[in-house]
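Read the structure below first, then the notes.
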Amino acid sequence: MVVHAEIRMVHRGGSKINFREPVITHDSRFLLCAAGESVNVYSTSTEEYVHDLQGHTDLVTGVVLNPSNHLQVYSCSADGTVRLWDFTDAILIKTFIIGYPIYSIYVSEKHGGVVFLVVPMANYKSSELFQLVAVHLPHSGDQEVEARELSAVLCDVSHHPGAASFGREGEYIAAVKGLQLEVFFFKKQKSYRFSLKSGMKKGAKNAFTCVSCHPKEDCIATGHEDGKIRMWRNFNQKKEYTYSTLHWHHGAVNTLCFTPEGTNLLSGGIESVLVHWHYTQENQKDFLPRLGAAITHIAVSPDGSLFCTSHSDNKITIIQSCVKVSAVIQGLVKGDGVWTNLIIDPRSKALVLNGKPGHLQFYSLHHDKQLYNLDIVQQEYIHEEGLDQFEVVKAAFDARGDWLATVEERRKKGAELEINLKLWAYDELTQSFVLNTTVTAPHEDRITAMFFSPSPETTMLVTTSLDGHFKAWLLADHSDANAEGFWACDFVGGYHLLKPGCCSFSADGSLLSVGFQEVVTVWSPASWELLTTLSQPPGAIRDLCFGRLSCSKYLLGASTKNQLCCWNLLTCSLEWSTPMDVSLLQTDPLSENIAAFCSQSGSSDLFVFKPSEPRPLYSQKALCTGKVQHAVFAPRDQMLESCEERTQWLNRSQLYFLTQHMDLLTFSTKTEEDRLLASSKQLMVDDSVAVTPFYLLLGKHRGQQLEKQEALTNPMAERTQLPQGSIAIKELLHTPAHVLPSASFLCAMFVRSLLISSSSAREEKEHEEGEMEREKEEEDSEGEADPRLGESATWGHPEEFGAPALTKAQERELRKVRTFDHSWLSSLLDC
Amino acid sequence: MASFKSTKIPIYPKLGEKVTPDTLYWKNYKAPVQIKEFGAVTSIDFSSLAPHNYAVTASTRIHIYGPFSTEPVKTFTRFKDTAYSGKFRSDGQLLVAGCEDSVVRLFDVSGKVALRVFKGHTKGVHVTDFTSDCYHILTGSDDYTCRLWDIPNSTELTSYKEHTDYIRCGTTSKLNRDIFITGSYDHTLRVFDARVEKSVMTMDHSQPVESVLLYPSEGLLVSAGGRYVKVWDLLKGGQPLVSLKNHHKTVTCLSLSSNGQRLLSASLDRHVKIYNTTNYKVVHNFDYAASILSLALAPDDESIVVGMTNGVLSIKHRKSPEEKREMVGKQRMQPVYRIFVKGRNYVPKKDDFLVSKPVKSHLAKYDKQLKKFNISKALDTALESWRRNRKPEITVAVMKELDRRGTLKNALAGRDEQNLSQLLNFLIGNVVDPRFTPVLVTATEMILDIYQAVVGQSSVVDRQLVRLQELVEREVDYQQDLLEVLGMLDTLFATSLPRKEVPCPGSSR
């Protein structure tokens, strides 16, 4: 990858936090989870991101608490290292180099100093065979330690982290793969295998999916593909094992977890219901339904008070004692696909894209945090595979962010396409969008593009559809003042029954261009007159956009046959064209720049150019593998002042794009990174207090106040003690009541302690006055600054250090002397 | 943890009239009181005096009714022929009336015998009115003349013979004692000034004029004749302002609502139309049983009195606001509501600590069953007879929801004869409704698939299936016809439009 010195491609947000099971710390204050190449630490009470543990160079594949020290955590990664961290201060303590990519990690209290890792079989590095190995972690003082002593425990295990579990007091480990359960006893150094038939009855899928062992008894719970949970007992011999079956899930059981006391078993699956089985009465169960998305992992805090579930929509839910959802940590939802383009909400400047099924997510790019989900479909989501669900396929904001238009569709096999066009008005009161109009079946076929007119006078929406028409929708004015206006179709246009594929408004909203296969038609939205047609065969038009600002006379079109054309609308002729396989054209709303993503031989290139200039401003080859389908320019809060030609295009806005693997990337410059680094240092938070946004705000404010106070009280250092900190009060509060002296005595002491503070405050005021006078003088006689400065310095010293020795009266006298003395002295000097 | 999202019941636009403040105002009348008169009611006039009695001229009599009486308070019968145009003087003391026998009679409202008799016309007098100074009377007659009479001396003051046909309407100015306006069957309206010997203004209505009306400001004049109602600007020398053609038979009478904001016109087509006087759009419409000859509104629109050709006098009284309030009060008295609002309007005091209770959302029965995945039960609930008949959209919405969940087939299956015939009944009733067709067609197909095997076992179901088949066939034919018509219209539109680059004409639905 070619990386320019100034412009760097940065992974911004959206790392997967549901990849592995999260860990709750012993004191239940923090939650740790693997997120891409780092481990994120969140506060469990406020769901706020605290910090991250950075150091791994590849995907982190597992996080476990160190059983011998509960303030430390082990993490393993595909880069072949196990790292030991102090998670409260985010310090890397040790790195153990294993040498193989690691897929999961298990530890047990019984086996101190040993970690169990799942690594690929040594002989078949590329194949899908994995083994469970025990690694003795060497004690040594070095930061980096090589730990190459691997001893195989089990061969042929699943790389899925839920597929192995330590049993009671670490005596055995149970692992499942396919149709086999294998239990390895450490004492006997012997393993037993139990296998199920592939299908005992019709429709039964017996394959194991996950395993969990009871912490106090010899019992193994296994989850299966058909939704059954089997409880295995008496498995310490080959023959006479027994199992009982629990069945509630209708889909596969994704994860199983025993509570630390072993009284309850938790299970979850695609139904997104947390099922809570009572261990002793197995037919009794509690449910926590509608958690939002399929449950992928369940973790329980060591004291059993908190549960947390990871969900397939990149979310971690923290649940208090199985009844109440107390916090939700939500990352960028990566659904099945992004059908809506990336959009920037003009109001909140948040990135808007498909989120949970049937929702739009508003994602803050600055805080890497989801702001909220807007329910578009407003239907109960049925968590079941193979159902045709409504999906939000298009979304658009108008220029001011007052209106949001969404299109949802549901295609059923062999049935009519169901399309709904919904228009949402922004409600200032609730600060969210409220449904205004629903148009069922706005078109007879798929909607290919939808845009609002950018002109400020009219709110007009244009949709183009494969049924050969484009429609303009207008907010119908209702004569009644109290009734809200609704949207209605204003115009239906078409061109020789060709199918329109894309449309674009000019920057001022005076022109609308619609691409009908090979022909680009230009319309006037005011009169709905067809102004002109432009055509540059061969190849259907894939994307259209107008130039902005000084380049607004240009219209750009990308066609399927590797052609990028630029028409001049004043002359209605082709200005230039170039052979390029442009997959996406994106205009910067704040400048003339246009970004074009081209796909070439399996990877994407980026060109940033102005339509009026022949040379691109910036180009980068081989941006990423695969086609870039979605990109957006996000306006910056404050303009960068970079003068370098290569980075100038990033001054006003930032370009974000989604790769095929749904990673959100952006470009950043060096100056910007420096600034970010500085600001992150500023926001370091004292973690003795729960981290909330309020606390951050308050902390910042308090910090400023403290600084101010320090500046004020600097000359008199002895006064920094606050009344709360005074020894008298501390004594009063911390001595047990029965040894305290009588209340009257204490009262006097207490009042005195308060009095000190008030007198010192007065002192301070006087002091300030004195200083002000002094400053005035300074202004008066600037010319004679030199001798006076020296003098004031000599006077200042005794005040700072000798102040306690002087009485107040003396001090005042001294100050008087100081203020009076100089004038005549300096005048003398002048003479 | 999100809550269960209830099934979305689509709201279909209500057909019919839109509710405007005008419709609410004009609908706020009680059911009409009907009084049978001896002949066609030709004129109604309200007294401006407090109880607002009104004089009804019908046949050879004039009845005076009290505001709420159904029996006449007083009757004047001393007419030898059909009486016309019984009018109160502005002080409510005197009443003047014309007669077919060309004699004009003046009555004291409390008396019985005519106080004065004005003789001089040679034919029937259809128009009488008092001038604004109360001392003169204007009359218009079928002998083409209109005259002014002095009341104290009962002498004729002036006579104008400018019209060339019957004079059938006229009015005096309320601001100027000398000015009056007459309308005639010679299609003209003439403005006379008693101080001048000739008419001062002439307007051509181009239809026989049946009624004239002056605005309270007297700047505008409204005339009715033929199917037209025309408004003239007198201050601009009689310039026509608007011509309204909302009736389909002759307009016979005009009236203004008390605040002058609405104009009412009554016609032989049995309608009373109400216009907004700012934009002259019809804002409301009353229907009556017979052709209307006369119309009057009580001050403050307290009642609308309409006289018809069949001699029926219809009186509509306004609903008093007290009655309305009483009804509302009654509702509030219901204990259920009182308990419902108990504590809801409590305003917390300043230092109160607010403990909010989780709001329990109410779910409909079918939603509760859907929440528990009881799909067959949910469909049964949705098919309950009142819901099926009154709110078919709910039934259809539940079916759609089941279809979305992929369980509609399961829910439809396993029904006995009674259940199945219920279901088929619902389909027969609603499958051709364009709002429901997309959902119900899938449901129908599924039912046919499921119950294929049992066809022929029950005569009830078989009969319904045959009906359903006929219905669908008829609908298909109907749609085909409609498409043909659409095609014809398209060709017509295409030929009528000029050959120009026109984007896709007539393609909008």
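Of all the residues in segment A:277-307, those that are within 14 Å of chain B (Cβ to nearest Cβ) and in contact (Cβ under 8 Å) with a residue 24 or more places away in the chain number 7.
Taken over segment A:341-374, the residue count meeting the criterion of being among the acidic types (Asp, Glu) and open to solvent by 10 Å² or more (accessible area, probe 1.4 Å) is 1. Taking the criterion of being of a type in the set (Asp, Glu), open to solvent by less than 80 Å² (accessible area, probe 1.4 Å) and modelled with pLDDT of 90 or more, the only residue of segment B:475-504 that qualifies is B:Glu475. In a residue-by-residue description of segment A:475-498, the property of being in contact with a strand residue (DSSP E or B) (Cβ under 6 Å, 6 or more places away or on another chain), more than 26 Å from A:Glu575 (Cβ to Cβ), within 12 Å of chain B (Cβ to nearest Cβ) and at pLDDT below 85 applies to at least one position.
For beta carbons closer than 8 Å, sequence separation of 6+ or different chains, a first residue in segment A:493-509 that is free of Cβ contacts under 8 Å to residues at least 24 places away in the same chain and a second that is aromatic (Phe, Trp, Tyr), the qualifying pairs are A:His496/A:Phe516. The single condition among (1) more than 14 Å from chain A (Cβ to nearest Cβ); (2) in contact with a Leu (Cβ under 8 Å, 6 or more places away or on another chain); (3) assigned to a helix (DSSP H, G or I) that B:Gln418 does not meet is (2). Filtering segment A:359-389 to residues that are under 21 Å from A:Ile295 (Cα atoms), at the interface with chain B (Cβ under 10 Å from one of its Cβ atoms) and in a loop (DSSP other than H, G, I, E, B) leaves A:Gln379, A:Glu380, A:Tyr381, A:Ile382, A:Glu384, A:Gly386, A:Leu387, A:Asp388, A:Gln389. In summary, A:Arg8 fulfils each of the numbered conditions (1) surrounded by 18 or more Cβ atoms within 10 Å (Cβ to Cβ); (2) of a type outside the set (S, T, N, Q); (3) not in a loop (DSSP other than H, G, I, E, B) with the single exception of condition (1). Please verify whether B:Lys18 is farther than 17 Å from B:His271 by Cα and charged (D, E, K, R), treating the condition exactly as stated. Yes; evaluated as a whole, the condition is true for this residue.
For segment B:443-474, give me the residue count where each residue is among the small types (Gly, Ala, Ser) and open to solvent by 80 Å² or more (accessible area, probe 1.4 Å). Talk me through it step by step, then tell me what you get.
In the first step, residues of segment B:443-474 are kept if they are among the small types (Gly, Ala, Ser); the result is B:443, B:453, B:456, B:458-459.
Narrowing further to those that are open to solvent by 80 Å² or more (accessible area, probe 1.4 Å): B:453.
Selection size over segment B:443-474: 1.
The set of residues from segment A:210-245 being among the basic types (Lys, Arg), assigned to a strand (DSSP E or B) and under 23 Å from A:Glu21 (Cβ atoms) comprises A:Lys228, A:Arg230.
Number of residues in segment A:156-165 that are open to solvent by 30 Å² or more (accessible area, probe 1.4 Å) and either in contact with a Leu (Cβ under 7 Å, 6 or more places away or on another chain) or modelled with pLDDT of 90 or more (or both): the value is 1.
Quick one: would you say A:Lys394 is under 25 Å from A:Gly485 (Cα atoms), away from every other protein chain (no Cβ under 13 Å), buried (at least 18 other Cβ atoms within 10 Å of the Cβ) and touching a residue at least 40 places away in the same chain (Cβ under 8 Å)? Answer is yes for this residue.
Checked against (1) farther than 20 Å from A:Val393 by Cβ; (2) within 36 Å of the chain's Cα centre (by Cα); (3) in a strand (DSSP E or B), A:Gly509 meets all criteria but (3). Residues that are out of contact with any Pro (no Cβ under 6 Å at 6 or more places or on another chain) and of a type in the set (Gly, Ala, Ser) were ranked within segment A:63-105; the one that is surrounded by the fewest Cβ atoms within 10 Å (Cβ to Cβ) is A:Ser68. Selection of segment A:250-275 for residues being within 14 Å of chain B (Cβ to nearest Cβ) and out of contact with any His (no Cβ under 9 Å at 6 or more places or on another chain) yields A:His250, A:Leu274. Based on this model, can you work out whether B:Pro51 counts as within 14 Å of chain A (Cβ to nearest Cβ) and open to solvent by 50 Å² or more (accessible area, probe 1.4 Å)? Here the answer is no, as B:Pro51 does not meet what is asked. B:Thr23 satisfies every condition listed in (1) within 14 Å of another protein chain (Cβ to nearest Cβ); (2) open to solvent by less than 50 Å² (accessible area, probe 1.4 Å); (3) part of a loop (DSSP other than H, G, I, E, B); (4) hydroxyl-bearing (Ser, Thr, Tyr) except (3). Taking residues in segment B:189-206 that are among the small types (Gly, Ala, Ser), and partners anywhere that are not in a strand (DSSP E or B), the pairs with Cβ atoms closer than 6 Å and at least 6 places apart or on different chains are B:Ala194/B:Asp178; B:Ser199/B:Glu162; B:Ser206/B:His187.
Counting only strands (runs of 3 or more DSSP E) that sit completely within segment A:246-358, those holding 2 or more residues that are closer than 30 Å to A:Ser432 by Cβ and not acidic (Asp, Glu) correspond to A:285-288, A:295-300, A:306-311, A:315-320, A:324-330, A:351-354.
Taken over segment A:324-372, the criterion of being of a type in the set (Phe, Trp, Tyr) and modelled with pLDDT under 85 is satisfied by A:Trp339, A:Tyr372. Among the residues examined, B:Leu424 qualifies as at pLDDT 90 or above and more than 14 Å from chain A (Cβ to nearest Cβ). Strands (runs of 3 or more DSSP E) fully within segment A:626-672 that include at least 1 residues being without any contact (Cβ under 8 Å) to a residue 40 or more places away in the chain and over 17 Å from A:Glu592 (Cβ atoms): none found. Within segment A:144-155, does at least one residue satisfy the condition of being crowded, with 18+ Cβ neighbours inside 10 Å, of a type outside the set (Val, Ile, Thr) and within 30 Å of A:Leu179 (Cα to Cα)? Yes, the conditions are met somewhere in segment A:144-155. Of everything in segment A:403-447, what is surrounded by 13 or more Cβ atoms within 10 Å (Cβ to Cβ) and acidic (Asp, Glu)? Give them in sequence order. A:Glu408, A:Glu409, A:Glu416, A:Glu418, A:Glu444, A:Asp445, listed by residue number.
The values are calculated or read from the model by the stated rules, or taken from the named source; none is laboratory data. As the structure is a computational prediction, the values presented were derived from the model and not from experiment. As a convention, Cβ positions derive from the backbone with ideal geometry for all residues, glycine included, and neighbour counts pool all protein chains shown. Keep in mind that these areas ignore ligands, DNA and RNA; they rest on the heavy atoms of the full protein, side chains included. Shrake-Rupley method; radii C 1.70, N 1.55, O 1.52, S 1.80 Å.
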